[in-house]
Structure formats: structure tokens, C-alpha cells
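Below is one structure, written out as C-alpha cells, with a few remarks after it.
A short reminder: the numbers here are calculations on the coordinates, not readings from a lab. These numbers were taken from a predicted model, which means no experiment stands behind them. Please note: Cβ atoms are built from the backbone with ideal geometry, for glycine as well, and neighbour counts cover all protein chains shown.
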Amino acid sequence: MHDIQLFGRLEVRTRGLRLSGDDLGGARPRRLLALLALRGERSLVELADTLGVSTTTVKDDLAVLRDHLDPDARRHDSVITTHRGRVRLVAERVHVDTDTFDGLLAAAAGRPPARAARPLAAAAVLASRPLLEDEDAPWAAEARAEYRAKLIMASDPQPVW
């Protein structure tokens with residue numbers, strides 16, 4: 001299992017190891033992992049456009065990332081899979097903290113305030129550090145704003161009309 005932390009600095013915990021920064025193969029492979037963990041399956045073209053690189057560079061960065069995440073695995077056994085120009089993380093082998101966050105907000109939704117407090121507090125603790133705090137790309141800033149807004153909206157018991 002690969003536990004991916006997006007709140008705070010990007011970090012992966014797997015096989016008793018903590019991988020972050022250059023442990024993931026450098027800035028481009030790290031950004032590629034962040035995008036896949038955050039946004040799910042994407043085409044090579046979408047990833048290249050978002051990262052401002054060529055599809056060949058994305059393919060090269062995928063190879064580097066695979067080597068760092070699964071050093072002993074063959075390509076088809078990797079936690080990253082590609083098929084027909086699309087790339088994704090293998091859901092059964094990955095846990096992302098944003099999924100936990102979204103699950104906590106869903107658990108709080110529709111509950112009376114007293115029953116919603118516990119999952120909302122847990123979501124707030126999880127999001128106590130900014131999403132991808134060490135990433136300054138526009139897509140990361142948009143994601144930070146999106147998750148901040150999710151928590152604010154979930155915590156506000158009265159909608160403002």
C-alpha cells in the first residue's frame with residue numbers, strides 16, 4: 001500500500017519508508033504524482049499540458065517515478081498504470097489523504113451539528129496544513145483553494161443566500 005499525503009508537503013509512505021522531495025525522483029515526477037493523486041486518471045496530453053512539458057517528458061518522468069515508488073517491480077506491476085494514453089494510480093494499492101478528507105466531509109453532511117462536529121474536526125485536523133504547501137504551480141493553488149472552500153462550506157451550518 002502507498003499512503004500519499006497531499007496536505008502539507010507531498011509524502012508517500014510505503015514498505016516502512018517515507019518518500020518526499022527528491023526521494024520521488026525530482027520536482028517533475030513529484031508534481032506528476034501529485035496530479036495523479038489529486039485528480040485521478042488523466043491522459044498523457046492533459047498531464048503534459050498541465051505541467052508545461054512534452055508527452056515524452058511525462059513518459060520519462062513516469063518511468064522515474066515508478067522506479068522510486070516501486071524499485072523492485074516490473075512496469076506492469078507498478079502502482080502507476082498506463083493504458084491507451086491514459087495514466088492512473090492503481091486504486092487498490094493507493095490511499096490518498098484527500099480521499100479521507102472528502103469521506104469525513106461526506107460523513108458530516110446532513111447530520112445535526114452535534115453529530116457533525118467530530119468528522120468536521122477530524123477533517124480540519126487533517127487539513128491543518130495547506131494542500132501541497134511546497135508547490136507553487138497554478139493548478140496546486142487552485143486545488144488549495146478548492147479544499148479550503150470545501151472545509152469552510154462544510155463547517156458553515158447556515159448557507160448564505
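When restricted to residues that are in contact with a strand residue (DSSP E or B) (Cβ under 6 Å, 6 or more places away or on another chain) and closer than 29 Å to Ser155 by Cα, the range 73-118 contains 4. Scanning the range 1-29 for residues that are closer than 19 Å to Pro138 by Cβ and free of Cβ contacts under 8 Å to residues at least 24 places away in the same chain yields one hit, Ala27. Can you tell which of Ala107, Ala123 is farther than 21 Å from Glu46 by Cα and in contact (Cβ under 8 Å) with a residue 24 or more places away in the chain? Answer to the check: Ala123. Scanning the range 108-120 for residues that are more than 16 Å from Tyr147 (Cβ to Cβ) and under 24 Å from the mean Cα position of the chain (by Cα) yields a count of 1. Look through the range 15-46, keep the residues that are touching an Asp or Glu at 6+ places or on another chain (Cβ under 7 Å) and surrounded by fewer than 17 Cβ atoms within 10 Å (Cβ to Cβ), and return whichever of them is farthest from Tyr147 (Cα to Cα). Per the stated criteria, the residue is Arg18.
Scan the range 8-37 for residues that are within 25 Å of Val53 (Cα to Cα) and part of a strand (DSSP E or B) and the total you get is 4.
Within the range 38-56, count every residue that is under 28 Å from Val125 (Cα atoms) and not in a loop (DSSP other than H, G, I, E, B).
Number satisfying all stated conditions: 2.
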